[in-house]
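Contents: one structure, followed by commentary.
The values are calculated or read from the model by the stated rules, or taken from the named source; none is laboratory data. Remember, it's a predicted structure, so these values are computed and weren't measured experimentally. Positions of Cβ are backbone-derived with ideal geometry, glycine not excepted, and every protein chain shown enters the neighbour counts.
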Amino acid sequence: MSLLRDLQNDLATSGGDITTVLRKAKILAARLKNKSFEEWIHRELNGYSDKATLPKYRVLRVQSRAYLIFGWHHIPSAQVMATLIPEEFRECAEIAYLLEGISHYAALVADCDKDSTLRAN
């Protein structure tokens, strides 16, 4: 089976391993001598060096939550308005820059809650 056909089958299969697919795609990119494709795959596998190099799909709007205690009342996952967060920390409370390699996020998705909520500390 050709590498391209193998990649197509991997992509069509639900529950496939994205890291394996990207490694196969990297081989295909090298065979095609497509440097930009090969570099993109390298960054997806190994992570991005800074926010400026991130593709738009790796920049997410997020909600901040906190464990609040008011006397005897506890609220374990209260949404926090960004305006209540000091300005120097506000960007972290509103935007997530996904700089890590794809395997890091694949592991988070595999461990996500039943409500499909990803959490990061």
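Figure legend. Inter-residue proximity from the range 50-65: first residues outside the structural domain of TYR105 (by TED's automatic domain parsing) and of a type in the set (S, T, N, Q), second residues assigned to a loop (DSSP other than H, G, I, E, B) and exposed (fewer than 10 other Cβ atoms within 10 Å of the Cβ), beta-carbon distance below 9 Å, spacing 6+ or different chains. Indicated pairs: SER64/MET81.
Scoring LEU3 on the criteria (1) touching a Leu at 6+ places or on another chain (Cβ under 6 Å); (2) surrounded by 15 or more Cβ atoms within 10 Å (Cβ to Cβ) leaves a single failure, condition (2).
Considering the range 32-57, and only residues there that are surrounded by fewer than 11 Cβ atoms within 10 Å (Cβ to Cβ) and of a type in the set (Lys, Arg), the residue that is farthest from ASP111 (Cα to Cα) turns out to be LYS33. Which of the residues that make up the range 1-18 are touching an Asp or Glu at 6+ places or on another chain (Cβ under 9 Å) and part of a helix (DSSP H, G or I)? ASP10, ILE18, listed by residue number.
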